[in-house]
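Okay, structure first, notes after.
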Amino acid sequence: MTPTPWPAEGARRFGAVNWLGMWTLYLKEVRRFWKVMTQTIAAPVITTLLYLAIFALAIGKFRPDVHGVPFVEFLAPGLIMMTMIQNAFANTSSSLLISKIQGNIVDVLMPPLSPMELNIGIALAGVTRGLVCGAVTALAMLPFVDLGLAHLWALLFFAAGASLMLSLFGILAGVWSEKFDHLQAVTNFVLLPLTFLSGTFYSVTQLPDFAHKVTLWNPVFYLIDGFRYGVTGHADGAIEIGVALVIGVNLVLWFLCHMLFRTGYRLKA
C-alpha cells in the first residue's frame, strides 16, 4: 500500500476557510472583554447614564422639542450610538496593542489563520462588544426615557454598521500604535472630536451655515443620525447618503485591515 504523502509545508488542510480557528479567535476576543465586564460593559453604561442625567436635569426642562421630539428622547439615541462606537473601537485597538506590548501577538499570528480570518474574528468581537454595550445602555435608559422604534431596519443597520466601522478603525489604530500614548492620541484627537461634534447632543440644523456644512463631512454624524432616525423617525441628514457612506467606508477599512494583516505591518519582525 502506497503511504499517504505529507502535505506541502504551509498547505491548509481544513478547506478554504478555517472555520474552527476563526470561531476560536472570535471567542477568545469576546471572552477577553466579558471576563472584565465591570470595566468593559458596566462602566460605559454608567458613564452614558450620567451624561443623560446631567443633560436631562440641567437643561432638559428648558430645551424646546427638537423637530417635535422631546429633547431627552432626541438625546438618548445619540448617547447609545456614542457608547457603541467608542466600545467597538476600544475592544479591537486595546486587544492588539496589549498583545504587541506583552509580546503575545505571536499567539494570534502563528495559528493557521489567513488575513481574512484574522480580520473577521477580531472585528466581529469588537462589533459584539459595541452591540452589547448599546443594548445594555438602551435597557438602562428605558425607565427614564421613552425610546421608540420608528424604523427597525435603520436601527439594526446603523447599529451593526457603526460598530463594524469603529471596530475596523480600532484595528488600524491598534496596529499603528506602538505604545498607549499613540492610542490615546487617536482617541483624544480623532475619535472624541468626531463624536462630540456630530450632533450627539444637538440638532445640526441649529448650527451656523459653515459649521453645518463641515458637520456633513463628519462620518460619525451619519451614524448617529441614522440610528436616531431608526428610533425617533427624524433625521437631520439624508438617510441614503448615510447608508452609502456606512457601506463604502466599511469596505475601505476592511481592505486596509486585510492588507495590514497580510503584510504584517508593525505585527511581525
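Bear in mind these aren't lab numbers, they're just calculated from the coordinates by the rules spelled out. Since the structure is predicted, the reported quantities are computational estimates derived from the model, not experimental observations. Backbone-built Cβ (ideal geometry, glycine too); neighbour counts: all protein chains shown.
Compute a Gaussian network model of the chain, connecting alpha carbons closer than 10 Å, and tell me which residue from LEU172, LEU152, LEU124 fluctuates the most.
LEU152
Have a look at SER167, SER94, SER198 and tell me which one the Gaussian network model of the chain (Cα, springs below 10 Å) gives the largest fluctuation.
In this elastic network of the chain, the residue with the biggest mean-square fluctuation among SER167, SER94, SER198 is SER94.
Pick from VAL243, VAL132, VAL106 the residue whose mean-square fluctuation is largest in a GNM of the chain, springs joining Cα atoms under 10 Å.
Of VAL243, VAL132, VAL106, the most mobile in the Gaussian network model is VAL106.
With axes computed from alpha carbons, what is the tilt in degrees of helix 219-232 against the longest principal axis of the chain, rounded to the nearest 10 within 0 to 90?
60 degrees
Grab the eigenvalues of the alpha-carbon gyration tensor for the stretch 155-194, scale each by 5, take roots, and send me the semi-axes largest first in whole angstrom.
After scaling each eigenvalue by five and taking roots: 23, 12, 5 Å.
What do you get for trypsin sites (Lys or Arg not before Pro) in the stretch 22-77 restricted to DSSP loop and a cutoff of at most 15 other Cβ within 10 Å of the site's Cβ?
Those that pass, being in a loop and sparsely packed, are LYS35.
Which lysines does LYS179 reach when only Cα atoms under 27 Å apart count, and residues fewer than 8 places away in its own chain are ignored?
Within the straight-line cut-off, LYS179 pairs with LYS28, LYS35, LYS100, LYS268.
For a distance above 20 Å, tell me the whole-number percent of Cα pairs in the stretch 37-189 that qualify.
Here the long-distance tail beyond 20 Å is 55 percent of all Cα pairs in the stretch 37-189.
Please compute the volume of the convex hull spanned by the alpha-carbon atoms of the chain and report it per residue in Å³.
155 Å³
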